[in-house]
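Here the structure is laid out as structure tokens; the discussion comes afterwards.
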């Protein structure tokens with residue numbers, strides 16, 4: 001699955017289960033918007049929009065320990081920052097599938 005439990009476990013240890021639930025809820029609420037922005041950036045050839053969306057999703061994935069999603073977003077971000085945005089955009093389907101996998105997992109585990 002590509003998940004590092006230490007991130008959410010540490011949040012739970014320090015701040016409690018409610019804090020973990022809030023972090024997961026925010027990830028699930030804003031993730032689809034980030035993916036939509038990434039899609040729009042690709043469609044419009046707007047590398048800034050694409051880069052911002054990917055960067056934010058990368059950070060969010062890192063915060064919850066979604067390592068594979070983080071890694072895909074980081075790879076895309078590196079390509080975008082080195083003026084290879086078209087190459088980075090080719091990873092969008094993988095980013096979307098990784099997000100869907102994480103989303104499904106989090107909904108199953110953390111939401112009611």
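Details
- Hey, residue 53 surrounded by fewer than 17 Cβ atoms within 10 Å (Cβ to Cβ), in contact with a helix residue (DSSP H, G or I) (Cβ under 8 Å, 6 or more places away or on another chain), free of Cβ contacts under 8 Å to residues at least 24 places away in the same chain and part of a helix (DSSP H, G or I) or not: no
- Check on residue 43, closer than 20 Å to residue 94 by Cα, out of contact with any helix residue (DSSP H, G or I) (no Cβ under 9 Å at 6 or more places or on another chain) and either without any contact (Cβ under 8 Å) to a residue 40 or more places away in the chain or surrounded by fewer than 17 Cβ atoms within 10 Å (Cβ to Cβ) (or both): yes
- From 108, 87, residue being surrounded by fewer than 16 Cβ atoms within 10 Å (Cβ to Cβ), in contact with a helix residue (DSSP H, G or I) (Cβ under 6 Å, 6 or more places away or on another chain) and free of Cβ contacts under 8 Å to residues at least 60 places away in the same chain: 87
- Check on residue 37, surrounded by 13 or more Cβ atoms within 10 Å (Cβ to Cβ) and farther than 18 Å from residue 104 by Cβ: yes
Every read-out reported here was derived from the displayed coordinates using simple, explicitly stated rules and does not represent laboratory data. Since we're looking at a predicted model, the values are computed, not measured. Counting neighbours? That spans all protein chains shown, and the Cβs are built from the backbone with ideal geometry, glycine included.
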